[in-house]
1. Return the residue satisfying two criteria in turn: it lies in the stretch 239-258 and is charged (D, E, K, R) and part of a loop (DSSP other than H, G, I, E, B), and of such residues it is nearest to residue 324 (Cα to Cα).
2. Can you tell me which residues in the stretch 115-134 are surrounded by fewer than 24 Cβ atoms within 10 Å (Cβ to Cβ) and on the phi > 0 side of the Ramachandran plot?
3. Could you go through the stretch 100-123 and let me know if any residue there is over 22 Å from residue 40 (Cα atoms), over 24 Å from the mean Cα position of the chain (by Cα) and not small (Gly, Ala, Ser).
4. Residue pairs, Cβ under 8 Å, 6 or more apart or interchain, first in the stretch 384-403 and free of Cβ contacts under 8 Å to residues at least 60 places away in the same chain, second surrounded by fewer than 17 Cβ atoms within 10 Å (Cβ to Cβ) and in a helix (DSSP H, G or I). List them.
5. Do you know which residues across the stretch 390-447 are open to solvent by less than 50 Å² (accessible area, probe 1.4 Å), farther than 24 Å from residue 376 by Cα and at pLDDT below 90?
6. Take the stretch 11-39 and flag every residue that is open to solvent by 10 Å² or more (accessible area, probe 1.4 Å) and closer than 15 Å to residue 54 by Cα.
7. Looking at (1) buried (at least 20 other Cβ atoms within 10 Å of the Cβ); (2) touching a helix residue (DSSP H, G or I) at 6+ places or on another chain (Cβ under 7 Å); (3) acidic (Asp, Glu), find the lone condition where residue 296 falls short.
8. Which of (1) free of Cβ contacts under 8 Å to residues at least 24 places away in the same chain; (2) open to solvent by 10 Å² or more (accessible area, probe 1.4 Å); (3) among the hydrophobic types (A, V, I, L, M, F, W, C); (4) touching a Gly at 6+ places or on another chain (Cβ under 8 Å) is the odd one out, the single condition residue 358 does not satisfy?
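The values are calculated or read from the model by the stated rules, or taken from the named source; none is laboratory data. Every value quoted in this text rests on a predicted model; they were computed, and no experiment measured them. Note that we place each Cβ from the backbone using ideal geometry, even for glycine, and neighbour counts take in every protein chain shown. Accessible surface is based on the protein model in full, side chains and every heavy atom, while ligands, DNA and RNA are left aside. Shrake-Rupley method; radii C 1.70, N 1.55, O 1.52, S 1.80 Å.
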Amino acid sequence: MRFVNREDAGRELAGRLRHLQDRDPVVLGLPRGGVPVAFEVAQGLGAPLDVLVVRKLGVPFQPELGFGAVGEDGAKVINPEVVGMARLDEDDMAEVERLERAELERRVRSYRGDTPREELAGRTAVIVDDGIATGSTARAACRIARTQGAAHVVLAVPVLPAGTPEQLLQDADEVVFLSAPSGFGSVGQWYEDFAQTEDREVVELLNRAAAAAHKTAPRSEGPHPGAWDRPTERREVEIGLPGPEEPVLPGELVLPHHAPVVVAFAHGSGSGRHSRRNRYVAEVLQRAGLGTLLFDLLTEEEELDRNLVFDIPLLAGRLAGAGRWAHGETGLPVAYFGASTGAAAALRAAVEDHPAAVVSRGGRPDLAGETALAAVRSPTLLIVGGQDHMVLELNAQAERKLRCEKRLEVVPGATHLFEEPGALEQVAQLARDWFAAHLPRAGAGARAAA
């Protein structure tokens, strides 16, 4: 039995696991290749998705051959047969373990960030990989789930060698698979497409699963429970900022029914809440169920002062204040969308306020400064036109200085204002997908500018 790709295998596997739907399952993908399979399983079961990070201990002169595996919480499994066959001594094994544990810790930080892992105590842990060769990694994963309190441990894979399930039942309560060929070879030979899964894909899938959980769970908490529990509403607002000399800024707040986030727009020089481009992007986000806040960063008098237009600390402070206002008004997390100099303001504000995500359209992230760029922790998407050569180079330089999850997307043939046919539509779709993929996880709280 061959699979088109990991997604195809995951959908098939989900069908074999439906008996677990009423057993409070948590789906745990083994990074990296197991996560695309686990994502489909989680969707099929309507269960939360998390990762269970395990690293294979590879024989030094043949890394693909595992002599054991290590996992979180100090778990370790050693295969004495492979150790004997490869004639490994303690020093060899200790050095491999040291390196793999360092990589394990890096991946845990990369995949989860500050988000706590899904609690397994008393629940059914469904451990998913794209296939099993030796079984050492899978066995280590089962032991980890057991130490974290799982009441029932299920190991689920599309393919494994004949005879392996019996061995795996030493550590798993249940082993579910689609194929167990006698002439196994390698996991990859049972897939038409077995391209390597990247860390970025793992994070995106975790965020997509979290976004789906948000969209299916009605919001019931916040400072004003039920205040926005109606179909899409839009209203003109006045944003009062802290500080005796700060002006009241006019804006428009739109909140669809059960919106999971509010995206605050920071416009560029010579623009404001009536920006045609920003309003178009906002409408696309609203149709996707996301809330939006369009407002003026400067008063009419202030806009006449070109120094204020490029005063990034001032603009960042006001954006952060508007974000706090939106959070207090709705009880929802806040994300930032910045254009031109507004992108620099969004990144500068993100350093302190940690919005759910940041998107820059034709922005000048370089104006935020190297220190601020290095300190941003919110997932950041930079969108630039392919023909906007100077700004594209500045964004590429800024992207290299960011230390958060990041991506630079180039819209082919587009100039600075994205006026070409279809260009602005691409911007809006990219922004929509980025925000949807980076919604805070359900239960993680509604902190955007606290």
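1. Only one residue fits best here, namely 246.
2. The one that is surrounded by fewer than 24 Cβ atoms within 10 Å (Cβ to Cβ) and on the phi > 0 side of the Ramachandran plot: 122.
3. For the stretch 100-123, residues over 22 Å from residue 40 (Cα atoms), over 24 Å from the mean Cα position of the chain (by Cα) and not small (Gly, Ala, Ser): absent.
4. Qualifying pairs under 8 Å: 401/370; 401/374; 402/374; 403/374.
5. The one that is open to solvent by less than 50 Å² (accessible area, probe 1.4 Å), farther than 24 Å from residue 376 by Cα and at pLDDT below 90: 422.
6. Selection gives 31, 32, 33.
7. (2)
8. Just one mismatch for residue 358, condition (2).
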